[in-house]
Amino acid sequence: MHENADGAAIGAATMADFRLLAAVVATMSGGVYLNVGSAVVLPETFLKALNLARNVGHAVERFTTANLDQIRHYRPRVNVLVRPGGRAIELVGHHEFTLPLLRLAVLERLKVRAEGRR
């Protein structure tokens, strides 16, 4: 911690970030949440944001959560994949392989859907 760090400013910025995340999660129905490489802080924060959104009346449903990491960890598995209640996908492997493959899979799916609409 730097001697000139302003704890109040850091706390205010952290609260603003959490409120922004909670607002986005509140609109996540039908969407996707990706946890890429965070084993502790973000899985906890995501679950708290989701619970807050639901507790104030947002029906966050029909969504997919995915955890991408190089090894399996408890918190992402439970707080990102199990507890939220949506469709859950776990991809274990090196990010330099899994992320490009995920991108290609999404693009292919979008292409198939677009061709089906013609």
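The values are calculated or read from the model by the stated rules, or taken from the named source; none is laboratory data. Model, not experiment: these values are computed from the prediction. As a convention, Cβ positions derive from the backbone with ideal geometry for all residues, glycine included, and neighbour counts pool all protein chains shown.
Structure summary
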| item | result |
| --- | --- |
| Counted residues, segment 1-50 - those being more than 19 Å from P76 (Cα to Cα) and in contact with a His (Cβ under 6 Å, 6 or more places away or on another chain) | 1 |
| Looking only at segment 65-87, and only at residues there that are in a helix (DSSP H, G or I) and of a type in the set (D, E, K, R), the one that is nearest to G30 (Cα to Cα) | R77 |
| Top-ranked residue of segment 33-52 - restricted to ones that are modelled with pLDDT of 95 or more and over 19 Å from A16 (Cα atoms), ranked as surrounded by the most Cβ atoms within 10 Å (Cβ to Cβ) | N35 |
| Residue list for segment 46-60, filter: farther than 16 Å from V82 by Cβ and touching a Ser or Thr at 6+ places or on another chain (Cβ under 9 Å) | A53, H58, A59 |
| Near pairs, Cβ below 6 angstrom, 6+ apart or cross-chain, from segment 4-24 (within 27 Å of A59 (Cα to Cα)) to any residue that is in a helix (DSSP H, G or I) | L21/A49; A22/A49; A22/L52; A22/A53 |
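To keep it simple, each residue is scored yes or no on (1) basic (K, R); (2) within 25 Å of T14 (Cα to Cα); (3) free of Cβ contacts under 8 Å to residues at least 60 places away in the same chain.
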position: V32; (1), (2), (3): no, yes, yes
position: P43; (1), (2), (3): no, yes, yes
position: T64; (1), (2), (3): no, no, yes
position: R72; (1), (2), (3): yes, no, yes
position: R75; (1), (2), (3): yes, yes, yes
position: P84; (1), (2), (3): no, yes, yes
position: A88; (1), (2), (3): no, no, yes
position: E108; (1), (2), (3): no, no, yes
